[in-house]
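All remarks here apply to the structure that follows.
The values are calculated or read from the model by the stated rules, or taken from the named source; none is laboratory data. From a predicted model like this one, the values you see are computed outputs, not experimental measurements. All Cβ positions, even for glycine, are placed from backbone atoms using ideal geometry, and neighbour counts span all protein chains on display. Areas reflect the complete protein model, heavy atoms only, side chains present, ligands, DNA and RNA absent. Shrake-Rupley method; radii C 1.70, N 1.55, O 1.52, S 1.80 Å.
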Amino acid sequence: MMSAVSMPIGEATIGPFFPGAYVDAGANDLTRWQGRSAQGQLIDIRGRVTEDEGVPLQNVVLEIWQADANGIYRHPADPRAKHADADFFGWGRAATDADGAFHFRTIMPGRTHLPNGTLRAPHINVVVLASGLMRQLQTVMFFEGNAANATDAVLACVHPAAFQEALIAKADGPRKYRFDIRLCGADETPFFED
Amino acid sequence: MSIQVDLVKGAKADTYTIPPIVDGTQPTRIVEGYPQTARRTPSRPLLRRPLTLSELTGPLDLSGRLAATSADVAGQSARRALGQLIVLRLAVRDEDGSPIAGTMVEMWQANAAGRYAHPNDSDHAPLDPHFQGNARVQTDASGNIEIRTIKPGAYPVPGPDRWWRPPHVHFSVWGKVWLSRVVTQMFFPGDPLNEQDLILNAVVDAEARARLVARSVPTQAAPGDALVFEHTVVVRGKRATPTEHA
Ligand SMILES: [Fe+2]
């Protein structure tokens, strides 16, 4: 028997007064957890969040979720979860500064296995929360130069294909990537339904 | 505390779909009179993506990553915040009504005078040295949290389109998967400012709007030194089902 369905609660903007204490020191560094280091290749991801006309946005909260270096999520819904890196939590939070800039330190995610045997390209899910955003915005970060991008089931949803470029973090030196998030405008980042 | 997960019902599916959000039950993204919404909302339609493990997993046991705090925001005796003492009973539920135990909840609010203890708040109202106005707490085994705080004051939104925010409490909730993440605001029943608030009324469906307003527990049923309010946060995610391939 189907149980009654309750409707999800309405979202609201995070507003301008999200407590600074909630962007905990180290929350943007996924490579260290409980005093131990995650396996895999360390990468730094930097970028800027801008609103219409390229104006930088301060006080934007970004949260990320990703698989470990072997493409395993630390979550029981992943059939491979018991092999997940015990020293990798997979979640992080950062806030933008006065220049709209943010920074995450993490490890390059592996390719996640879908239950039918296909593989996703390495990617990081990103949620954007900001004053003036009545609802969260969901996007996904991929990595420049990875051949698997061409076959990723989510990246393939982005049409026209030229818009896919905005979801691909650009190599910016050894183990460094650049990923700008443009909320609104002709060159805006593609976002997904949440 | 462990979180039970029973989301993925089809072992062989590669992707999942979730019922779309019912029209009007979420706020409109662009709100007239709130100019930042138009400058920050994407101009192109959002893309519908197939859901994969990436959306149907998510961070559990966040207390291992984010430091929990006391659920007593009001403080005690000489260090008690000014204002009307209240208790917020928050219930976090899946769409089938089942409780979500052990999930993290963040709350933040203005003090009794309508001022946030935040550098961005330059309102004229005074700070209260005994009130920071935030708590980060995990739900108990029944998916509930009880927060002791004071009733927040209303405050004006600065700018040319100045309006007053009714008393409200911000909540940030995770649930069990990436899709269940939600940031919302809770309002108080019967406040005349509710009917004028641009943010509350951006939810055009009246029933959905009512779900953003807490329920006042009759005082006879809640003895003690505080007024008690109950509020339920239902998160998405549980209704994800394997995609049917033709
Ligand atoms: Fe607020």
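Counting just the residues of segment B:230-246 that are open to solvent by 10 Å² or more (accessible area, probe 1.4 Å) and more than 14 Å from the chain's Cα centre (by Cα), which one comes out farthest from the other protein chains (Cβ to nearest Cβ)?
Filtering first and then ranking leaves B:A246.
List pairs: first in segment B:138-152 and within 26 Å of B:L60 (Cβ to Cβ), second part of a strand (DSSP E or B) and open to solvent by 50 Å² or more (accessible area, probe 1.4 Å), Cβ under 6 Å, 6+ apart or cross-chain?
From segment B:138-152, the pairs are B:S142/B:P99; B:G143/B:P99; B:E146/B:R89.
Find the residue count for segment B:94-112, including only residues that are open to solvent by 10 Å² or more (accessible area, probe 1.4 Å), of a type outside the set (G, A, S) and more than 8 Å from chain A (Cβ to nearest Cβ).
Counting residues in segment B:94-112 that are open to solvent by 10 Å² or more (accessible area, probe 1.4 Å), of a type outside the set (G, A, S) and more than 8 Å from chain A (Cβ to nearest Cβ) gives 1.
Taking segment B:125-148 on its own, how many of its residues are part of a strand (DSSP E or B) and not small (G, A, S)?
So the count comes out to 9.
Quick check on segment B:171-185. Is at least one of its residues at pLDDT 95 or above, within 14 Å of the ligand (Cβ to nearest atom) and over 21 Å from B:T69 (Cα atoms)?
For segment B:171-185, residues at pLDDT 95 or above, within 14 Å of the ligand (Cβ to nearest atom) and over 21 Å from B:T69 (Cα atoms): absent.
Do we find that B:S122 is within 13 Å of chain A (Cβ to nearest Cβ) and in a loop (DSSP other than H, G, I, E, B) in this structure?
yes
Do the conditions hold for A:A156, that is, is it of a type in the set (G, A, S), in a loop (DSSP other than H, G, I, E, B) and more than 23 Å from A:R46 (Cβ to Cβ)?
It is false that A:A156 is of a type in the set (G, A, S), in a loop (DSSP other than H, G, I, E, B) and more than 23 Å from A:R46 (Cβ to Cβ).
Which strands (runs of 3 or more DSSP E) sit wholly inside segment A:1-116 and have at least 3 residues that are in contact (Cβ under 8 Å) with a residue 12 or more places away in the chain and open to solvent by 10 Å² or more (accessible area, probe 1.4 Å)?
Correct list: A:42-50, A:101-107.
Could you tell me how many of the residues in segment B:183-221 are open to solvent by 50 Å² or more (accessible area, probe 1.4 Å), assigned to a loop (DSSP other than H, G, I, E, B) and more than 14 Å from every other protein chain (Cβ to nearest Cβ)?
3
Count, please, the residues in segment B:18-46 that happen to be open to solvent by less than 20 Å² (accessible area, probe 1.4 Å) and not in a loop (DSSP other than H, G, I, E, B).
1
Which of the residues spanning segment A:22-57 are under 25 Å from B:V157 (Cβ atoms), at the interface with chain B (Cβ under 7 Å from one of its Cβ atoms) and away from the ligand (no atom under 16 Å from the Cβ)?
A:E51, A:D52
From the set of residues in segment B:62-84 that are out of contact with any strand residue (DSSP E or B) (no Cβ under 7 Å at 6 or more places or on another chain) and open to solvent by less than 50 Å² (accessible area, probe 1.4 Å), which is modelled with the lowest pLDDT?
Checked segment B:62-84; the qualifying residue modelled with the lowest pLDDT is B:G64.
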